[in-house]
Amino acid sequence: MTAGGSNRLLTPEEVAEWFKVSEITVKNKYRAWGLKPQKVGRLLRFRERDVVTYLEDHYG
């Protein structure tokens, strides 16, 4: 993985595992956390680099 993460798209379930919260929490709180979703049809996806940046900024 490159510094800052990759462009790989993560599902809300994968983000929930990283954050140690439920998938529902991710779906309800991603806006408050400032994570920009990538819409794939009707599905929410999050860029790995955005998740890594958020975690480094807030918990790094």
Under 12 Å from the 7 Å Cα→Cβ point of VAL40, by amide nitrogen: which residues of the range 13-27? 13-14
Determine the calculated [θ] at 222 nm for the chain from helices alone, applying -39500 (n - 2.57) to every DSSP H run no shorter than 4 residues and normalising by the residue count; nearest 500 deg cm²/dmol. -15500 deg cm²/dmol
Taking trypsin sites (Lys or Arg not before Pro) as exposed when DSSP calls them loop (any state but H, G, I, E, B) and at most 15 other Cβ atoms lie within 10 Å, what is the longest stretch of the chain free of them, the sites themselves excluded? 21-41
Give or take rounding to whole Å, what are the principal axis extents of the alpha carbon atoms in the chain, in descending order? 29, 21, 18
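If DNA, RNA and ligands are ignored and the probe is 1.4 Å, what is the ranking of VAL40, VAL15 by accessible area, most exposed first? Working shown, then result.
Values: VAL40 75, VAL15 0 Å².
Descending order: VAL40, VAL15.
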Could you work out how much longer the chain between LYS20 and ALA32 gets when fully extended? Use 0.36 nm per residue separation minus the Cα distance between them, nm to one decimal. 2.7 nm
With +1 at each Lys and Arg Cβ and -1 at each Asp and Glu Cβ, the charge dipole magnitude of the chain around its Cα centre, to the nearest 20 debye, comes out at 340 debye
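The values are calculated or read from the model by the stated rules, or taken from the named source; none is laboratory data. Not measured: the values here are computed from a predicted model. Backbone-built Cβ (ideal geometry, glycine too); neighbour counts: all protein chains shown. For accessibility, only protein heavy atoms count, side chains too; no ligands or nucleic acids. Shrake-Rupley method; radii C 1.70, N 1.55, O 1.52, S 1.80 Å.
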